[in-house]
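The values are calculated or read from the model by the stated rules, or taken from the named source; none is laboratory data. What you see is a predicted model; the values in this text were computed from it and never measured. When we count neighbours, we look across all protein chains shown, and the Cβ atoms used for this are built from the backbone with ideal geometry, even at glycine.
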Amino acid sequence: MAILRIDSSANTNDSVTRALTDRIIAKLGDTNVTVRDLALEPLPQITQTWAVARVTPEEDRAPEQTEALKESDKLVAEMMAADTIVIGAPMYNFSIPAALKAWIDLVARVGVTFRYTEAGPEGLVKGKRVIIAMASGGTPAGAPVDFNTPYLKTVLGFMGMDDVTIISADALATDPEATMANAHTAVDALQSSDARKAA
């Protein structure tokens, strides 16, 4: 089973979400892992050229439009090739890091990862398992001011990924030991890909 690991924490030394994604990957037991570190390799912001290129038929694109979509095409291919996507998503100011938003902007493409039909929008990225490692200083996952996990579940679901598990370490400023113990328990309860298939 192929895993796409996405890290977005600006903290590359002692990040809680990076530690959790390490633990999640180890628990899943898969060795075919593609790593996309959005802090070490920042993605470009979308531009006017990119926005026009994404709705221009491939055969009609100018060379600069094709070039503008190259990174997006690569990211979409990584996502499509994965069976499981593990996302480290720390909460910055009640929402996701800008680095992670840049990834979402580049992979959420009409006609590629979702489409509009007479019955409404349809996600085209199907059959994926997504595990999100979320960390915050004190905002509980699911709280009214948590704009991190609901947003991720919404936008991933819009693209067709509705098998989403949240592993939260969401009280680090008040009780870090209990918070991490709870998060580790949640990771340890995850089933491997083989176990899920057998079930």
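Can you confirm whether residue 161 is under 26 Å from residue 70 (Cβ atoms) and of a type outside the set (Val, Ile, Thr)? Here the answer is yes, as residue 161 does meet what is asked.
Would you tally the residues in region 9-39 being farther than 23 Å from residue 177 by Cα and in contact with a strand residue (DSSP E or B) (Cβ under 8 Å, 6 or more places away or on another chain)? So the answer is 10. Of the strands (runs of 3 or more DSSP E) contained entirely in region 1-96, those carrying at least 1 residues that are of a type outside the set (S, T, N, Q) and surrounded by fewer than 19 Cβ atoms within 10 Å (Cβ to Cβ) fall at 2-7, 32-37.
Confirm whether residue 78 is at pLDDT below 95, over 25 Å from residue 141 (Cα atoms) and of a type outside the set (A, V, I, L, M). In short, no.
Taking (1) over 15 Å from the mean Cα position of the chain (by Cα); (2) touching a residue at least 40 places away in the same chain (Cβ under 8 Å) in turn, residue 99 satisfies each apart from (1).
Does any residue of region 124-134 turn out to be in a loop (DSSP other than H, G, I, E, B), of a type in the set (Val, Ile, Thr) and modelled with pLDDT of 95 or more? The answer is yes, given that some residue of region 124-134 is in a loop (DSSP other than H, G, I, E, B), of a type in the set (Val, Ile, Thr) and modelled with pLDDT of 95 or more.
Restricting to region 151-181, count the residues that are more than 20 Å from residue 116 (Cα to Cα) and not in a helix (DSSP H, G or I). Of the residues in that region, 13 qualify. The set of residues in region 155-199 that are polar (S, T, N, Q) and at pLDDT 90 or above comprises 165, 168, 174, 179, 182, 185. Against the criterion of being surrounded by 19 or more Cβ atoms within 10 Å (Cβ to Cβ), part of a loop (DSSP other than H, G, I, E, B), more than 18 Å from the chain's Cα centre (by Cα) and not polar (S, T, N, Q), residue 143 does not qualify. Among the residues of region 68-124, those that are touching a Leu at 6+ places or on another chain (Cβ under 9 Å), farther than 21 Å from residue 17 by Cα and of a type in the set (S, T, N, Q) comprise 72, 113.
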